[in-house]
Amino acid sequence: MEKTYTSVLTPPGMAAIAVVGVLGTDALKIVSRYFVPRKRAATYQSPSGAESTPLQNILASLSRGPVLGWFQEGRQRDEVLLVLRQPQPNWYLELHCHGGPAVVSWILDSLGRAGAVLVSSEEWYRLTESDPIRRAALGVLTKALTWRTCAVLLDQMHGAWRKVVSELIQALEHDQLLAHHLSERLAELVSVGQHLGHPFRVALAGAPNVGKSTLINTMLGYSRAITSPLPGTTRDVVTAEIACDGWPVQLLDTAGWRCTDDPLEREAIERARHTWQQADLVLW
């Protein structure tokens, strides 16, 4: 018997809506154990004249489009939208539910008790997407932090990368200079591609009391880092995230660089040095 899989297709955390996917030959059967349509479908007629089953009612409703209803188990229920992405034999269904972690966890547990196997989003896209480029873009899309990175990833899903590769192949055959320019441009964009799912890390470095913490607070618009005229105020690395022109950036406030006999401050400076080595950019 083939397995039926389930996965959360939206990012973890608090949200208005979450999407749970169910895939497999028994996906509709499993979902029908818990899903109750708000309105019973009037289009299904049993060939024998017998009363239709809940599964038949759901299938008749889905033939018209997404179905509003409840995911219900005992006295617990949540209002959900059931969407059919792919029909039999390998059903692909989505449950659009409320996005609270407790609700999502309950739905996954219920589907699991009915026989669905929980998999990661990466494994889910491996099962549902044959195109490796679309699969990679979808995997990162749930981690995108800004509208701009989302737009880039959606472009990748819709063929932007394949188009550039095709242009590069044609240029290699007919215009070596153009091919050189295209390949150089792609090389320049590698760093951007590596940060579509996580922010650029920008560390602020310098001597004590030169305004590192003040600069971070000013960029954020609120007081995130403690400021003081006393040197050595910043001990641990203080982080904060902002968007610059649509690109996600993580700011890292580090301890001031100086010679000191204070063992705690020396440890803070060592942590600062390690942070600078790991950062994408260091502002001194």
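The values are calculated or read from the model by the stated rules, or taken from the named source; none is laboratory data. Nothing here was measured: the structure is a model prediction, and the numbers come from that model. No Cβ is skipped: glycine too gets one built from the backbone with ideal geometry, and neighbour counts run over all protein chains shown. The protein model used for the area step is the full one, side chains on, heavy atoms only, and it has no ligands, DNA or RNA in it. Shrake-Rupley method; radii C 1.70, N 1.55, O 1.52, S 1.80 Å.
Values as computed for the structure displayed
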{"read-out": "Condition met for Asp131 (open to solvent by less than 50 Å² (accessible area, probe 1.4 Å) and among the acidic types (Asp, Glu))", "value": "yes"}
{"read-out": "Where a residue in the range 102-131 is over 12 Å from Val22 (Cβ atoms) and its partner, wherever it lies, is open to solvent by 60 Å² or more (accessible area, probe 1.4 Å) and at pLDDT below 95, with Cβ under 8 Å and at least six apart", "value": "Trp106/Gln76; Tyr125/Arg135; Arg126/Arg135; Glu129/Arg135"}
{"read-out": "Hey, Leu82 open to solvent by 60 Å² or more (accessible area, probe 1.4 Å), among the hydrophobic types (A, V, I, L, M, F, W, C), under 26 Å from the mean Cα position of the chain (by Cα) and at pLDDT 85 or above or not", "value": "no"}
{"read-out": "Residue among Ala160, Ala114, Ala144, Ala137 that is aliphatic (A, V, I, L, M) and within 27 Å of Phe71 (Cβ to Cβ)", "value": "Ala114"}
{"read-out": "The range 164-175 residues that are more than 23 Å from Val152 (Cβ to Cβ), paired with ones that are open to solvent by less than 90 Å² (accessible area, probe 1.4 Å) (beta carbon under 6 Å, 6 or more apart)", "value": "Leu172/Ala179"}
{"read-out": "Test result for Arg162, among the charged types (D, E, K, R) and either open to solvent by less than 50 Å² (accessible area, probe 1.4 Å) or more than 18 Å from Leu189 (Cα to Cα) (or both)", "value": "no"}
{"read-out": "Tally, over the range 237-284, of residues that are within 21 Å of Ser223 (Cβ to Cβ), open to solvent by 20 Å² or more (accessible area, probe 1.4 Å) and touching an Asp or Glu at 6+ places or on another chain (Cβ under 9 Å)", "value": "4"}
{"read-out": "Complete set of residues in the range 39-74 that are open to solvent by 80 Å² or more (accessible area, probe 1.4 Å), more than 19 Å from Val19 (Cβ to Cβ) and at pLDDT 80 or above", "value": "Ser63, Arg64"}
{"read-out": "Pairs, first at positive phi in the range 236-252, second open to solvent by 60 Å² or more (accessible area, probe 1.4 Å), C-beta under 7 Å, six or more apart", "value": "Gly246/Trp147; Gly246/Arg148"}
{"read-out": "Test result for Arg77, at pLDDT 90 or above, under 21 Å from Asp26 (Cβ atoms) and basic (Lys, Arg)", "value": "no"}
{"read-out": "Neighbours by Cβ (under 8 Å, 6+ apart or cross-chain): first from the range 198-210, in contact (Cβ under 8 Å) with a residue 60 or more places away in the chain and open to solvent by less than 40 Å² (accessible area, probe 1.4 Å); second in a loop (DSSP other than H, G, I, E, B) and not polar (S, T, N, Q)", "value": "Val202/Ala279; Val202/Asp280; Ala203/Ala279; Ala205/Trp257; Ala205/Trp284; Gly206/Gly256; Gly206/Trp257; Gly206/Trp284"}
{"read-out": "Within the range 130-166, considering residues that are in contact with a strand residue (DSSP E or B) (Cβ under 7 Å, 6 or more places away or on another chain) and not in a helix (DSSP H, G or I), the one farthest from Pro199 (Cα to Cα)", "value": "Thr146"}
{"read-out": "Matching entry among Ala137, Ala114, Ala102, Ala151 (being within 13 Å of the chain's Cα centre (by Cα) and either surrounded by fewer than 19 Cβ atoms within 10 Å (Cβ to Cβ) or of a type in the set (Gly, Ala, Ser) (or both))", "value": "Ala137"}
